[in-house]
């Protein structure tokens with residue numbers, strides 16, 4: 001009987017770390033949405049821009065690897081960012097199979113407006129920088145262990 005009770009307890013929604021992460025991601029998205037609306041970006045587009053603000057001129061494959069996105073998911077995002085004149089896609093002169101992503105002047109300028117986003121998220125979280133940094137490090141370590149199990 002105790003085994004069954006433990007198993008039943010393990011199946012409770014509130015005991016699922018995946019649900020805690022999932023529902024927290026939704027809460028983050030609700031906080032991010034008005035901030036990113038002001039920038040004219042969706043959350044996935046914001047992530048692409050963050051990658052390019054760190055290092056401009058990356059191949060599509062490198063952006064996808066950094067964001068854990070396949071090209072089928074990433075390509076439509078890049079097309080919308082290009083239509084918004086924030087990035088430009090060009091074929092590599094060294095390897096025509098490779099598409100490079102570069103920020104336009106408009107995409108570079110958007111970085112200045114985006115600087116308010118992390119501060120707003122910090123304020124909304126009611127955490128210190130150290131607390132958020134520690135949580136992020138633990139979540140990243142968990143992600144990496146899970147990815148190692150599934151072979152990513």
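Any idea which of (1) surrounded by 12 or more Cβ atoms within 10 Å (Cβ to Cβ); (2) within 16 Å of residue 50 (Cβ to Cβ); (3) out of contact with any strand residue (DSSP E or B) (no Cβ under 6 Å at 6 or more places or on another chain) is the one residue 87 doesn't satisfy?
(3)
Could you list, in sequence order, all residues of segment 61-70 that are assigned to a helix (DSSP H, G or I) and surrounded by fewer than 17 Cβ atoms within 10 Å (Cβ to Cβ)?
61, 62, 65, 66, 67
Among the helices (runs of 4 or more DSSP H) contained in segment 1-55, which hold 1 or more residues that are under 27 Å from residue 110 (Cα atoms) and either free of Cβ contacts under 8 Å to residues at least 60 places away in the same chain or touching a helix residue (DSSP H, G or I) at 6+ places or on another chain (Cβ under 7 Å) (or both)?
17-39, 43-54
Quick grid of which residues meet (1) touching a residue at least 24 places away in the same chain (Cβ under 8 Å); (2) out of contact with any strand residue (DSSP E or B) (no Cβ under 8 Å at 6 or more places or on another chain); (3) surrounded by 15 or more Cβ atoms within 10 Å (Cβ to Cβ); (4) more than 18 Å from residue 56 (Cβ to Cβ):
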{"position": "72", "(1), (2), (3), (4)": "no, yes, no, yes"}
{"position": "76", "(1), (2), (3), (4)": "no, yes, no, yes"}
{"position": "80", "(1), (2), (3), (4)": "yes, yes, yes, yes"}
{"position": "83", "(1), (2), (3), (4)": "no, yes, no, yes"}
{"position": "94", "(1), (2), (3), (4)": "no, yes, no, no"}
{"position": "102", "(1), (2), (3), (4)": "yes, no, no, no"}
{"position": "119", "(1), (2), (3), (4)": "no, yes, no, yes"}
{"position": "122", "(1), (2), (3), (4)": "no, yes, no, yes"}
{"position": "135", "(1), (2), (3), (4)": "no, yes, no, yes"}
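Between 81, 122, 142, which is farther than 21 Å from residue 22 by Cα and at pLDDT 95 or above?
The unique qualifying residue is 81.
The values are calculated or read from the model by the stated rules, or taken from the named source; none is laboratory data. Note that this is a predicted model, so its numbers are computed, not measured. Using ideal geometry, Cβ is built from the backbone for each residue, glycine included, and neighbour counts are taken over all protein chains shown.
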